[in-house]
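J.: Mind having a look at this structure? Questions to follow.
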Amino acid sequence: MKKKFPFSILIAGGIIGLAAIALTLLGNPANMGFCIACFERDIAGALGLHSAAKVQYLRPEIPGLVIGAFLAAVIGKEFKPRSGSSPVIRFLLGAVVMIGALVFLGCPLRMVLRLAGGDLNALVALLGFVPGIAVGVWFLNRGFTLRRAYPAAKTEGGAFPVVMLALMALALLVPSIFKASTEGPGSMHASAIIAFAIAIVAGMAAQKARLCMVGGFRDLILFRDGHLLYGFGAIFVVVLIGNLIFSKFHLGFASQPVAHSAHIWNFLGMALVGWGSVLLGGCPLRQLVLAGEGNSDSAVTVFGMICGAALSHNFSLAGAAASADSAGGIGPNGKIAVAICIVVLLAVSVLYTFHKKEAAK
């Protein structure tokens with residue numbers, strides 16, 4: 001039977017691409033219309049979980065994506081609360097994925113946006129991202145599982161969207177309670193109301209299309225089915241065209257916004273993101289969408305990512321962007337953290353693959 005061409009995925013990718021372009025034009029940092037890792041890092045700073053003054057802002061895009069996914073799931077009768085699939089391990093893996101993303105300075109979505117802006121450092125990251133996914137798939141093929149999730153009460157599934165909505169309400173009504181950058185990427189942002197509204201639409205599109213870049217490569221390797229990648233192809237094309245129209249395309253490694261050219265660490269950072277996201281069942285964007293659909297395990301993963309962001313900046317693990325005065329890159333703490341994270345992923349992969357049968361006896 002011939003498969004239908006995934007027009008819905010292309011449309012969803014186009015919507016998110018347009019949203020990314022619009023948010024950048026409205027004030028978000030260049031090549032950062034959407035970045036799940038960067039925005040969760042900024043939220044961690046706004047909540048006082050880290051003290052890096054240049055990356056503190058309650059980004060409306062994160063609550064907006066969750067609320068959009070929630071609304072789409074409810075309208076489509078796909079809001080199905082569930083939980084109980086190794087939440088502590090998922091929290092840990094979320095932190096590992098975030099550490100890897102902040103070594104590179106971006107999530108898979110921002111990697112695509114950076115590529116569409118001409119940043120060749122993101123190409124190096126992509127070359128690490130795909131092998132990382134392949135390693136995760138190798139363990140999936142041998143039985144890796146974090147165990148099944150179980151149906152949960154609607155109050156359980158709705159708790160995370162309510163928390164996100166409450167954060168957004170507080171940010172609009174009493175913004176002074178949150179920390180906010182006065183310079184650097186955290187000080188660059190679109191209007192909160194507009195950003196929230198745009199993100200709701202993007203969240204609805206992502207939920208309906210099941211967009212996940214990790215899932216796209218995973219399915220391509222496992223089943224020779226890469227239809228999910230059409231969405232990210234659409235994001236790339238739309239953002240590339242937008243950057244060309246507005247003269248924001250700059251090809252090369254140097255002088256890229258919020259980026260560095262430490263190639264080994266860009267490669268390894270995104271390899272961690274690919275591997276860890278396969279074990280989790282989805283990339284950072286997908287985890288937000290799943291949390292909006294009522295998946296409490298994904299909500300725990302998001303909290304793990306936020307804590308991972310706090311660790312990254314409290315202990316100097318994150319990459320430093322290049323500037324006129326510095327080449328940026330990764331410090332010794334970050335390099336040690338990458339090595340530790342590789343060991344953690346390997347341990348989780350092995351323990352939840354090859355010890356599974358023993359546990360069942």
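J.: Can you name every residue in the range 261-284 that is open to solvent by less than 20 Å² (accessible area, probe 1.4 Å) and farther than 30 Å from residue 327 by Cβ?
T.: Answer for the range 261-284, where residues must be open to solvent by less than 20 Å² (accessible area, probe 1.4 Å) and farther than 30 Å from residue 327 by Cβ: 278, 279, 280, 282.
J.: Looking only at residues that are out of contact with any helix residue (DSSP H, G or I) (no Cβ under 7 Å at 6 or more places or on another chain), touching a residue at least 12 places away in the same chain (Cβ under 8 Å) and surrounded by fewer than 16 Cβ atoms within 10 Å (Cβ to Cβ) in the range 300-327, which one is nearest to residue 137 (Cα to Cα)?
T.: Applying the filter and picking the extreme gives 314.
J.: Shifting gears a bit: Cβ-Cβ under 8 Å, sequence separation 6+ or interchain: first residue in the range 226-237 and open to solvent by 40 Å² or more (accessible area, probe 1.4 Å), partner of a type in the set (D, E, K, R). Which pairs?
T.: Qualifying pairs under 8 Å: 227/3; 227/219.
J.: Can you find even one residue in the range 246-261 that is free of Cβ contacts under 8 Å to residues at least 24 places away in the same chain and in a helix (DSSP H, G or I)? Working first, answer last.
T.: First, pick out the residues of the range 246-261 that are free of Cβ contacts under 8 Å to residues at least 24 places away in the same chain: 247.
From what is left, the residues that are in a helix (DSSP H, G or I) are none.
Checked against the condition, which is being free of Cβ contacts under 8 Å to residues at least 24 places away in the same chain and in a helix (DSSP H, G or I), the range 246-261 yields no hits at all.
J.: Does the range 119-129 contain at least one residue that is part of a loop (DSSP other than H, G, I, E, B), open to solvent by 10 Å² or more (accessible area, probe 1.4 Å) and of a type in the set (A, V, I, L, M)?
T.: If we filter the range 119-129 for residues that are part of a loop (DSSP other than H, G, I, E, B), which is where we start, we get 120.
Those still in the list that are open to solvent by 10 Å² or more (accessible area, probe 1.4 Å) too: 120.
Keeping just the survivors that are of a type in the set (A, V, I, L, M) gives 120.
Within the range 119-129 (the criterion being part of a loop (DSSP other than H, G, I, E, B), open to solvent by 10 Å² or more (accessible area, probe 1.4 Å) and of a type in the set (A, V, I, L, M)), the answer is yes, since at least one residue qualifies.
J.: Can you tell me how many residues within the range 248-260 are in contact with a Ser or Thr (Cβ under 6 Å, 6 or more places away or on another chain) and buried (at least 23 other Cβ atoms within 10 Å of the Cβ)?
T.: Of the residues in the range 248-260, the ones in contact with a Ser or Thr (Cβ under 6 Å, 6 or more places away or on another chain) are 253.
Applying the additional criterion that residues be buried (at least 23 other Cβ atoms within 10 Å of the Cβ) yields none.
The total comes to 0.
J.: I'd like the full set of residues that are open to solvent by 10 Å² or more (accessible area, probe 1.4 Å), polar (S, T, N, Q) and touching a strand residue (DSSP E or B) at 6+ places or on another chain (Cβ under 9 Å), limited to the range 43-91.
T.: 83
J.: A follow-up question, please. Does at least one position in the range 5-16 carry a residue that is open to solvent by less than 50 Å² (accessible area, probe 1.4 Å), in contact with a helix residue (DSSP H, G or I) (Cβ under 7 Å, 6 or more places away or on another chain) and under 14 Å from residue 305 (Cβ atoms)?
T.: Looking only at the range 5-16, we keep the residues that are open to solvent by less than 50 Å² (accessible area, probe 1.4 Å), and these are 6, 9, 12-14, 16.
From what is left, the residues that are in contact with a helix residue (DSSP H, G or I) (Cβ under 7 Å, 6 or more places away or on another chain) are 6, 9, 12-14, 16.
After this cut, where a residue has to be under 14 Å from residue 305 (Cβ atoms) as well, the list is none.
No: the range 5-16 contains no residue that is open to solvent by less than 50 Å² (accessible area, probe 1.4 Å), in contact with a helix residue (DSSP H, G or I) (Cβ under 7 Å, 6 or more places away or on another chain) and under 14 Å from residue 305 (Cβ atoms).
J.: Would you point out which residue out of 347, 318 is part of a loop (DSSP other than H, G, I, E, B) and at pLDDT 95 or above? Steps first, answer last, please.
T.: Details: 347 fails: part of a loop (DSSP other than H, G, I, E, B).
From the options 347, 318, the qualifying one is 318.
Residue-by-condition table, conditions (1) under 18 Å from the mean Cα position of the chain (by Cα); (2) at pLDDT 95 or above; (3) on the phi < 0 side of the Ramachandran plot; (4) among the aromatic types (Phe, Trp, Tyr):
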| residue | (1), (2), (3), (4) |
| --- | --- |
| 93 | yes, yes, yes, no |
| 99 | yes, yes, yes, no |
| 106 | yes, yes, no, no |
| 113 | yes, yes, yes, no |
| 134 | no, yes, yes, no |
| 147 | no, no, no, no |
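J.: Next up: Name the residues in the range 200-214 that are in a helix (DSSP H, G or I), crowded, with 24+ Cβ neighbours inside 10 Å and not aliphatic (A, V, I, L, M), would you?
T.: 203, 207
J.: Turning to a different aspect of this structure: Residue under question is residue 70, and the condition is that it be under 20 Å from residue 283 (Cα atoms), free of Cβ contacts under 8 Å to residues at least 24 places away in the same chain and under 18 Å from the mean Cα position of the chain (by Cα); does it hold? I'd like the intermediate steps shown before the answer.
T.: Details: under 20 Å from residue 283 (Cα atoms): yes; free of Cβ contacts under 8 Å to residues at least 24 places away in the same chain: no; under 18 Å from the mean Cα position of the chain (by Cα): yes.
No.
The values are calculated or read from the model by the stated rules, or taken from the named source; none is laboratory data. Remember, predicted model here, so these are calculated numbers, not experimental data. Reconstructed Cβ throughout: ideal geometry from the backbone, glycine too, with neighbour counts over all protein chains shown. Calculation scope for accessible area: heavy atoms of the full protein, side chains included, ligands and nucleic acids excluded. Shrake-Rupley method; radii C 1.70, N 1.55, O 1.52, S 1.80 Å.
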